[in-house]
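A quick write-up on the structure given underneath.
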Amino acid sequence: MSTDAIQGLAQHDEVAPPIAPRMDPDPLTGPSFAQRMSDGLREVNQQLLTTQVDLQKLAVGEPVPLHELMIRLEESRISLQLMLQVRNRVLEAYQDMLRMQV
Amino acid sequence: MDYLQTFAISAAGMAVERTRVETAALNLAQAHTAQSADQPAFQPLRVVATGAEGFGGLVRAGLESVPLPSVTVEPSGVPARLVHDPGHPLADGRGFVAYPGVDPAREMVTLLGATRAYEANVAAMNTARTLALKTLEIGRST
């Protein structure tokens, strides 16, 4: 089969092979996994607390822009869901290890 | 994370539409406030939303930045509407009372357009949110 007609495609950047993403920071020298987990947890917790403060402000009648409050609520929800998914993965990996025959 | 940026963009759009609604509401509320003809008090306002702050601003903000809409409220410069009402306490020597030159039909159209544009922003934000939540379902076994 002749592929002469599509040879020119190779000159375009769009079909260049993907460059492998560089890990930053390096997983070997950077902070440990547990450290990252607790950092992420703290971040999610901080976001939930901020949302709670905003809700309290709305409840006592302070002028809070409603759409910004709703958007922050959604951001908190997505952060929490992401955290739950990470937790599920970690737990699954742990249980797989536990079931491993020695 | 990148979905936060989409949320911020939609929030900026919603803020613009809210400003348009608030301005239209103020114009409608002031439409029938009388003022003496020689010293007009209220000018109908108009919202001017611009996409970016010029080439210099874009260069300063850098390549990664998103030009969010910025909004200013300016007097529209419509001349006051004169009504002949000699018995009015604010009437001038010739018996005229001035009212702000608010066009109710224009304000209603502004309200409708702002409502639809706001809904469009909410739809864009909901789509970004759905995408983010769907992404978290990757690899879910159940």
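Regarding region B:3-141, what whole-number volume in Å³ per residue does the convex hull of its Cα atoms give?
That works out to 124 Å³ per residue.
Between B:MET108 and B:GLN35, with labels modelled 7 Å along Cα→Cβ, what's the label distance in nm to one decimal, could you check?
2.5 nm
Rolling a 1.4 Å sphere over the protein heavy atoms, what is the accessible area per residue of region B:3-141, to the nearest Å²?
Result: 61 Å² of accessible area for each residue.
Please calculate how many Å² of accessible area region A:32-102 carries per residue, with a 1.4 Å probe and no DNA, RNA or ligand atoms counted.
About 75 Å² of surface per residue is accessible.
Other chains' Cβ within 10 Å of A:66-75 residues: what's the mean?
5
Can you give me the three principal axis dimensions of region A:32-102 from its C-alpha atoms, in Å, biggest first?
Extents along the principal axes: 62, 19, 15 Å.
Counting only protein heavy atoms and rolling a 1.4 Å probe, how much accessible area do A and B lose on contact, total for both sides, in Å² to 100?
That pair of chains buries around 1300 Å² in total.
Quick check: residue separation of A:LEU58 and A:GLN46 times 0.36 nm, minus the Cα distance between them. What number comes out in nm?
Residue separation times 0.36 nm, minus the Cα-Cα distance, leaves 2.5 nm.
Which loop GluC sites (Glu not before Pro) in region B:82-142, with loop taken from DSSP, have no more than 11 other Cβ atoms within 10 angstrom of their Cβ?
Passing both the DSSP loop test and the Cβ count: B:GLU137.
Report, in degrees rounded to the nearest 10, the 0 to 90 angle that the Cα long axis of helix B:104-135 makes with the longest principal axis of chain B.
Here the helix axis deviates by roughly 10 degrees.
Can you list the trypsin sites (Lys or Arg not before Pro) in region B:48-142 that are in a DSSP coil and have 12 or fewer other beta carbons within 10 angstrom?
Taking region B:48-142 and a limit of 12 other Cβ atoms within 10 Å, the loop trypsin sites (Lys or Arg not before Pro) found are B:ARG94, B:ARG140.
Let's test the formula: R0 of 45 Å, r as the Cβ-Cβ distance of B:VAL83 and B:ALA8. What FRET efficiency results, to the nearest 0.05?
0.45
The values are calculated or read from the model by the stated rules, or taken from the named source; none is laboratory data. Computed from a predicted model, the values in this text were never measured in an experiment. Note: ideal-geometry Cβ built from the backbone for every residue, glycine included; neighbour counts use all protein chains shown. Remember, those area values only see protein heavy atoms, side chains included, never the ligands or the DNA or RNA. Shrake-Rupley method; radii C 1.70, N 1.55, O 1.52, S 1.80 Å.
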